[in-house]
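Step one of this worksheet: look at the structure below.
The values are calculated or read from the model by the stated rules, or taken from the named source; none is laboratory data. Note that the coordinates shown come from a computational prediction; the quantities given were computed from them, not determined experimentally. Using ideal geometry, Cβ is built from the backbone for each residue, glycine included, and neighbour counts are taken over all protein chains shown. Side chains are part of the model used for accessible areas, which takes the heavy atoms of the whole protein and leaves out ligands, DNA and RNA. Shrake-Rupley method; radii C 1.70, N 1.55, O 1.52, S 1.80 Å.
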Amino acid sequence: MAETKKKKVIVVGIPGVGKSTVVEKTNELLNKKGLKSTIAVFGTIMFEYAKKIGISSRDDIRKLSMYDQQKLQELTAEELSNLDGEVIIVDTHLFIRTTSGYYPGLPHNLLEKLRPDNLILIIADAVDIAARRGKDQTRSRDPITIEEINQELNFSMSMISSISVLTGAPFALVRNAHQQSLQAALDMVQFIVK
């Protein structure tokens, strides 16, 4: 890490995989190691821009036109590309389920702006993901079956490998097993500091 001034790590995972929890623990562990680490939650920053056009709920962003979603993504990516820190952890999604189908959360134009050094896909068992989604009262999630969750996990694996090819950034899969978020964070730290 000494020769690298800033390392940008994109961490992705489908809703309910426990990504935010693992990212927060990873951030704490990196800071304990003496690395200045910052979390940038793509959706939260994007929501701040969305509020300026009258959106009052983060979950309503995916109901906007594709054009409006793309503009919000571009503004967010521009802001993220200027963040400082030794390690910038970008917490985001590979795709968003919209009324028009699945929309890429990291299209090529955003990847060119973000220029990630590492990619991490957090995975978990579909049953655990369904349980986490069911308990999350902070978001307005659409109902989803175990079969659809497995389909989204498969999409994710295909997409992360494609993004790795496009960016040249290595990728890792980190399993967030039931009540094992600390182990998942330790695995992420090991990948990031190499």
Given (1) modelled with pLDDT of 95 or more; (2) farther than 22 Å from Leu121 by Cβ; (3) of a type in the set (Gly, Ala, Ser), Ala40 misses just (2)
For the stretch 162-183 the number of residues that are within 15 Å of the chain's Cα centre (by Cα) and open to solvent by 60 Å² or more (accessible area, probe 1.4 Å) is 3
By residue number, the members of the stretch 20-31 that are out of contact with any Ser or Thr (no Cβ under 7 Å at 6 or more places or on another chain) and at pLDDT 95 or above are Val23, Glu24, Thr26, Glu28, Leu29
Per the filter on the stretch 58-79, residues open to solvent by 40 Å² or more (accessible area, probe 1.4 Å) and under 26 Å from Ile89 (Cβ atoms) are Arg58, Asp60, Arg62, Gln70, Lys71, Glu74, Leu75, Glu78, Glu79
Of Ala126, Ala130, the only residue that is modelled with pLDDT under 95 and more than 16 Å from the chain's Cα centre (by Cα) is Ala130
Among strands (runs of 3 or more DSSP E) completely within the stretch 84-194, the ones holding 1 or more residues that are within 19 Å of Leu29 (Cα to Cα) are 87-92, 118-123, 171-175
For the stretch 52-70, pairs from a residue that is closer than 20 Å to Pro15 by Cα and among the acidic types (Asp, Glu) to a residue that is in a helix (DSSP H, G or I) and modelled with pLDDT of 85 or more, with Cβ under 8 Å and 6 or more apart or across chains, are Asp60/Ala50
Filtering the stretch 5-51 down to residues that are open to solvent by 30 Å² or more (accessible area, probe 1.4 Å), of a type outside the set (A, V, I, L, M, F, W, C) and under 26 Å from Tyr102 (Cβ atoms) yields Pro15, Ser20, Thr21, Thr44, Glu48, Tyr49, Lys51
Note: among Gly85, Gly101, Gly54, just one is surrounded by fewer than 19 Cβ atoms within 10 Å (Cβ to Cβ), on the phi > 0 side of the Ramachandran plot, at pLDDT 90 or above and more than 17 Å from the chain's Cα centre (by Cα), namely Gly54
